[in-house]
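Down below is the structure, laid out as structure tokens.
The values are calculated or read from the model by the stated rules, or taken from the named source; none is laboratory data. Here the structure is a predicted model, which is why all the values come from computation and not from measurement. Ideal geometry is used to build each Cβ from the backbone, glycine not excepted, and the neighbour counts take in all protein chains shown.
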Amino acid sequence: MNHEVVFLPAGKKTAVRTGTTVLEAARKAGIYIPTRCAGKASCLMCKITVNPADAGMTLPTAAEERKLGPLLEKGIRLSCQARVTGNMNVTVPEDPFKAVVRRQLERQAEDDLW
């Protein structure tokens, strides 16, 4: 069965089968989520934010509970461990370098208006 995963803030959507990791779904949607550990939950680079009450994904794995602890209550999950079980929305944190560039471009655009 296919489920729709929406990646925010980009708004990109993809349909994936039950059991697909959120990381795999992101790649299918053309969304970059950094990772170094090939999905082993050891680098902690692939954090995403979801609604903790979202029924569209599996419960946290033991590895996530060990690595993320109280962050799980805030909706932080590891995209390499969370698996899709229904339609869901996922927020992908903005890359820090891209955030700096975006803010500079916004400031420059404001300055150009004056």
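Numbers at a glance
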{"item": "Qualifying residue in the range 81-94 (condition: under 19 Å from residue 30 (Cα atoms) and touching a Phe, Trp or Tyr at 6+ places or on another chain (Cβ under 7 Å))", "result": "yes"}
{"item": "Residue count, the range 42-94 (criterion: closer than 22 Å to residue 17 by Cα, exposed (fewer than 13 other Cβ atoms within 10 Å of the Cβ) and over 14 Å from the mean Cα position of the chain (by Cα))", "result": "3"}
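Residue by residue, here is whether (1) charged (D, E, K, R); (2) within 27 Å of residue 2 (Cβ to Cβ); (3) modelled with pLDDT under 95 holds:
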{"position": "48", "(1), (2), (3)": "no, yes, no"}
{"position": "58", "(1), (2), (3)": "no, yes, yes"}
{"position": "80", "(1), (2), (3)": "no, yes, no"}
{"position": "84", "(1), (2), (3)": "no, yes, no"}
{"position": "93", "(1), (2), (3)": "no, yes, yes"}
{"position": "96", "(1), (2), (3)": "no, no, yes"}
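Listed here are the residues, each with its yes/no results for (1) on the phi < 0 side of the Ramachandran plot; (2) part of a loop (DSSP other than H, G, I, E, B).
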position: 7; (1), (2): yes, no
position: 34; (1), (2): yes, yes
position: 44; (1), (2): no, yes
position: 51; (1), (2): yes, yes
position: 59; (1), (2): yes, yes
position: 64; (1), (2): yes, no
position: 81; (1), (2): yes, yes
